[in-house]
Amino acid sequence: MKIEPILTALQHAMNAFEADAPLPAPELLASLSREEQLKLIRASLGAGSSVRRVVESQRAVDAFALHLRDEQDREVPTQFITVHRVSDDVPVALASDAAPVPARYVIVAQLEQRAAS
């Protein structure tokens with residue numbers, strides 16, 4: 001299975017979500033009873049909704065779990081790892097002495113914060 005169609009589907013779902021503004025405004029929710037709030041939110045999450053497409057697309061992306069490993073093949077604890085598509089015309093240097101080469105994706109990770117002992 002390839003990740004690119006899944007990332008493209010997520011991007012389309014996010015664009016539709018932003019265009020549709022499918023979730024009720026916080027002010028509206030605050031004025032409703034808890035039961036009415038739940039009804040409205042459930043309706044927003046109905047089949048075919050842009051919210052559901054975002055959730056389903058994000059689950060498909062999440063199925064591609066990424067784990068960073070160090071030189072000794074130990075897993076590097078991270079809080080999250082994301083993959084960003086980069087235009088083919090953006091040069092990325094592989095090393096300080098390497099010539100810039102086009103790249104298609106960049107992996108960004110936030111390392112877990114460890115408490116000082």
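The values are calculated or read from the model by the stated rules, or taken from the named source; none is laboratory data. Given the structure is predicted, the values throughout are model-derived calculations rather than measurements. As a convention, Cβ positions derive from the backbone with ideal geometry for all residues, glycine included, and neighbour counts pool all protein chains shown.
Which of the residues belonging to the stretch 50-67 are under 18 Å from Val106 (Cα atoms), outside any loop (DSSP other than H, G, I, E, B) and free of Cβ contacts under 8 Å to residues at least 40 places away in the same chain? Within the stretch 50-67, just Asp62 meets the criteria.
Restricting to the stretch 50-63, name every residue that is surrounded by 12 or more Cβ atoms within 10 Å (Cβ to Cβ) and closer than 20 Å to Thr78 by Cβ. Let's see the steps before the verdict.
Keep residues of the stretch 50-63 that are surrounded by 12 or more Cβ atoms within 10 Å (Cβ to Cβ), which gives 50-58, 60-61.
Within the stretch 50-63, Gln58, Val61 qualify.
Applying the condition of being exposed (fewer than 15 other Cβ atoms within 10 Å of the Cβ) and among the aliphatic types (A, V, I, L, M) to the stretch 14-28 and asking which residue is modelled with the lowest pLDDT yields Ala21. Search the stretch 29-49 for residues being modelled with pLDDT of 85 or more and part of a loop (DSSP other than H, G, I, E, B), and hand back the single one that is surrounded by the most Cβ atoms within 10 Å (Cβ to Cβ). Of everything passing the filter in the stretch 29-49, Leu32 is surrounded by the most Cβ atoms within 10 Å (Cβ to Cβ).
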